[in-house]
Amino acid sequence: MSYISEVIAQTEQKNADQKEFLQTVKEVLGSLAPAIDEKEDIYRKYCVLERMVEPDRQIMFRVPWMDDSGKYHVNRGYRVQFNGAIGPYKGGLRFQPNVNLSIIKFLAFEQTFKNSLTTLPMGGAKGGSDFDPRGKSDDEIMRFCQSFMNELYRHIGPDLDVPAGDMGVGGREIGYLFGQYKKIRNGFENGVLTGKGLSYGGSKIRPEATGFGAAYFLEEILRHQNDDIKGKTFCISGYGNAAWGAVKKVSELGGKVVTVSGSEGYIYDENGICGEKVDFMEHMLTLRAQGKSALGAYTDKFGGTLYKGEKPWGKVKADVYMPCAMQNEINLEDAKGAVALGVKYLCEVSNMPTSNEALDYLYENGVVIAPSKAANAGGVAVSGLEMSQNSQRLGWTSEQVDAMLKDIMKSIHSNIVETLGYYRLPYNLIQGANLAGFKKVADAMLAQGIY
Ligand code: GLU
């Protein structure tokens, strides 16, 4: 049995109930053969793959909190510090009812490779809770965040582990989390969290970074293919932070976005989602937080059609599919529909939005795929820049951060292309991203000995 198959088999045996985690381990390890073949004896001897699929540590804790009526609730908190070989642990916190250890481990594993690709020194982690923020009052959110930090604070620090937002955790939550951390630590260590507000050490362009970065990365791909964003039709899902930034930048660059979506279904707007419609997406988030219909509010104001309970994948004709909503939103059937509709590019913005079968089908049918590990790395990259600004105790302008973000997305693409060239492989960005991300982390692990 090959070294890769052996480690996949062991991982399956040890984590049989963690389907999302196993999905990403198979996808990543399954593409590393060229690197492993190069020095298999060393990787085997030092158990590099075995160590790469086992988190440095995983923390689970109780989060008790009180709602506005005085009733107590208990949720479960997580922080998985997956790999600290190249820098302090870094990765977001997700508050969503479906959060479990498998989901946090899959995200933390992917984060390790993503952070490695950014060119910045950040290890991989992820955390969160099965808490449902929808319909909760501000005070409830604050009490929950304070309770969450009452345990988390002992595991994090500016040089140790730097959490940020993810689904269900935005600027408001980061503010409450930081307030509590500061209270407990008795000091203003704002480098401990990123995604902060501008008034207390946040970075310009951080809210836009994930979506902007994805659009910049796509620009690089299109340049490589002698193609252009201008005039292309885009199908985007979600309307949260990542989707908002993507719609904004894609429309600025001359692309026409015809869909956004949410748990209620998707909106098809043939006139294109741009200008004030993009600004309206922020209001949609507020409506969602209040448990109201956000998509209905959009169609009431701007027209377009709401397809209730449906996803756009495989149904809407577009040149580029840009999933920005959640994991596994595109399955094999959707992929078949996409190919039949002539979709040319898939730019993954949410983490692992496409099933492995769907990815294989799309790739075999000539769709160029930008994997999320690379395409959405702009978010965490600007978080890395926020850490730099915090350590320097200064703040850069939007133009400076935006230029650095663009440069980083360019380097991610060129590093992938170089890596593929080195192994004489075709333009398969999934494999290239995995190989490039792996190499840096593996080198650092080997250099630092077994621990
Ligand atoms: N949650 C985002 C991601 O998946 C951002 C993480 C961060 O900024 O640390 O990359």
message: Between Thr299 and Leu341, what's the calculated FRET efficiency when r is the beta-carbon distance and R0 is 30 Å? Round to 0.05.
response: 0.85
message: At 0.36 nm per residue, and after removing the present C-alpha to C-alpha distance, how many nm does the segment from Met60 to Leu160 gain when stretched out fully?
response: 34.2 nm
- request: Report the trypsin sites (Lys or Arg not before Pro) located in the range 414-451 that are in a DSSP loop and have at most 14 other Cβ atoms inside 10 Å of their Cβ, or state none.
  value: Arg424
query: Evaluated at 20 °C with a viscosity of 1.002 mPa s, what Stokes-Einstein diffusion coefficient in µm²/s does the range 195-277 have when Rh comes from the Kirkwood expression over alpha-carbon pairs?
result: 158
Among beta bridges that DSSP assigns inside the chain, antiparallel share in %, nearest 5: 55
message: Which trypsin sites (Lys or Arg not before Pro) in the range 158-226 sit in a loop by DSSP (not H, G, I, E or B) and have at most 12 other Cβ atoms within 10 Å of their own Cβ?
response: none
- prompt: Alpha carbon centre of the range 375-451 versus the range 121-147: separation in Å?
  reply: 27
field: Low-density loop positions, GluC sites (Glu not before Pro), the range 262-360 - DSSP coil, at most 14 other Cβ in 10 Å
entry: Glu270, Glu310
- request: Give, in whole angstrom and from largest to smallest, the semi-axes √(5λ) of the equivalent ellipsoid of the range 1-145, with λ running over the eigenvalues of the Cα gyration tensor.
  value: 35, 16, 11
query: Using helices alone, what [θ] at 222 nm do you get for the chain, with -39,500 (n - 2.57) per DSSP H run of 4 or more residues, divided over all residues and rounded to the nearest 500?
result: -15500 deg cm²/dmol
message: Suppose each label sits 7 Å from its Cα in the direction of the beta carbon; what would the Gln13-Asp41 distance come out to in nanometres?
response: 2.6
task: For the chain, state the average projected area of the convex hull of the C-alpha atoms over all orientations, rounded to one decimal in nm².
output: 20.9
message: To check you understand DSSP bridge types, tell me what percent of the beta bridges within the range 1-153 (both residues inside) are antiparallel, rounded to 5.
response: 75
- prompt: Which of Lys39/Lys90; Lys311/Lys406; Lys196/Lys230; Lys232/Lys315; Lys204/Lys248; Lys373/Lys410 have a Cα-Cα distance over 22 Å?
  reply: Lys39/Lys90; Lys311/Lys406; Lys196/Lys230
- line: Checked the range 379-451 with the C-alpha gyration tensor, a ≥ b ≥ c its square-rooted eigenvalues, rounded below a/c of 1.5, otherwise prolate if a/b is larger than b/c and oblate if not; verdict oblate
task: Compute log10 of I(q)/I(0) for the range 103-182 with the Debye formula, placing one identical point scatterer on every Cα and leaving out solvent, at q = 0.10, 0.15 Å⁻¹, to two decimals.
output: -0.26, -0.58
field: Residue-by-residue Karplus 3J(HN,Hα) for the range 436-451, coefficients 6.51, -1.76, 1.60, Hz, glycine and proline x
entry: 5, x, 5, 4, 5, 5, 5, 4, 5, 5, 5, 5, 9, x, 8, 8
task: Could you give me the percent of Cα pairs per 10 Å distance bin for the range 36-122, shortest bin first, beginning at zero and ending with the bin that holds the maximum distance?
output: 15, 36, 29, 13, 5, 2, 0
- prompt: For the range 114-232, what size does the Cα cloud have along each of its three principal axes, sorted from largest down, in whole Å?
  reply: 54, 35, 28
field: Cα centroid of the range 155-212 to Cα centroid of the range 53-116, whole Å
entry: 15
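Since every read-out is calculated from the coordinates, none of them should be taken as a lab result. Quantities reported herein were computed from a predicted structural model and do not represent experimental measurements. Every residue, glycine as well, gets a Cβ built from its backbone with ideal geometry; the counts of neighbours run over all protein chains shown.
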